[in-house]
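Colleague: Below: one structure in structure tokens.
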């Protein structure tokens, strides 16, 4: 079971959103910034890897179905090369809270479910922030 670590009010977790749909990236980014996260976003797996090489996020939230490099591939690479990054897979193609088969991630968020479900997943993750925004 995860336990929540209280953070100082000046400490913000760095979150990277990876989704090929601009409207999803924008909506999630605005909502998560309002929730106190420092947020960056990328349109695909290759751009996410490039971003991570420059600045490692605390948490990565990735869509599973994207052109080019899928979220399945991206999450497997992140798990292998950057094991300290907490990962959340998301998709509208799968329902429920169970992890879809073949996904290497710490949690799953069903796209289209309420935002509170995502914030509960984020709150449950034990993460020590790497840096401040």
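Colleague: If you take the residues of the stretch 12-27 that are outside any strand (DSSP E or B) and buried (at least 21 other Cβ atoms within 10 Å of the Cβ), which of them is modelled with the lowest pLDDT?
Modeller: Among residues in the stretch 12-27 that are outside any strand (DSSP E or B) and buried (at least 21 other Cβ atoms within 10 Å of the Cβ), the one modelled with the lowest pLDDT is 13.
Colleague: Oh, and also: Going through the stretch 28-45 one residue at a time, which ones are surrounded by 14 or more Cβ atoms within 10 Å (Cβ to Cβ) and farther than 12 Å from residue 15 by Cβ?
Modeller: Of everything in the stretch 28-45, those that are surrounded by 14 or more Cβ atoms within 10 Å (Cβ to Cβ) and farther than 12 Å from residue 15 by Cβ turn out to be 43, 44, 45.
Colleague: From the set of residues in the stretch 50-63 that are touching a strand residue (DSSP E or B) at 6+ places or on another chain (Cβ under 9 Å) and surrounded by fewer than 20 Cβ atoms within 10 Å (Cβ to Cβ), which is farthest from residue 13 (Cα to Cα)?
Modeller: My answer is 50.
Colleague: Are any residues in the stretch 69-95 in contact (Cβ under 8 Å) with a residue 12 or more places away in the chain, more than 16 Å from residue 24 (Cβ to Cβ) and either in a helix (DSSP H, G or I) or in contact with a helix residue (DSSP H, G or I) (Cβ under 6 Å, 6 or more places away or on another chain) (or both), and if so, which ones?
Modeller: Those that are in contact (Cβ under 8 Å) with a residue 12 or more places away in the chain, more than 16 Å from residue 24 (Cβ to Cβ) and either in a helix (DSSP H, G or I) or in contact with a helix residue (DSSP H, G or I) (Cβ under 6 Å, 6 or more places away or on another chain) (or both): 69, 72, 73, 75, 76, 77, 78, 79, 85, 87.
Colleague: Which of (1) free of Cβ contacts under 8 Å to residues at least 40 places away in the same chain; (2) crowded, with 21+ Cβ neighbours inside 10 Å; (3) touching a strand residue (DSSP E or B) at 6+ places or on another chain (Cβ under 6 Å) does residue 103 not meet, given it meets every other one?
Modeller: Exception for residue 103: condition (2).
Colleague: While we're on this one: Residues in the stretch 96-116: is at least one part of a helix (DSSP H, G or I) and at pLDDT below 95?
Modeller: yes
Colleague: Still on this structure, please answer the following. Could you please find all residues in the stretch 48-68 being in a helix (DSSP H, G or I) and either within 13 Å of the chain's Cα centre (by Cα) or in contact (Cβ under 8 Å) with a residue 24 or more places away in the chain (or both)?
Modeller: Answer for the stretch 48-68, where residues must be in a helix (DSSP H, G or I) and either within 13 Å of the chain's Cα centre (by Cα) or in contact (Cβ under 8 Å) with a residue 24 or more places away in the chain (or both): 48, 49, 51, 52.
The values are calculated or read from the model by the stated rules, or taken from the named source; none is laboratory data. The structure displayed is predicted, hence computed values, not measured ones. Neighbour counts are summed over all protein chains in view; Cβ atoms, including those assigned to glycine, are modelled from backbone coordinates with ideal geometry.
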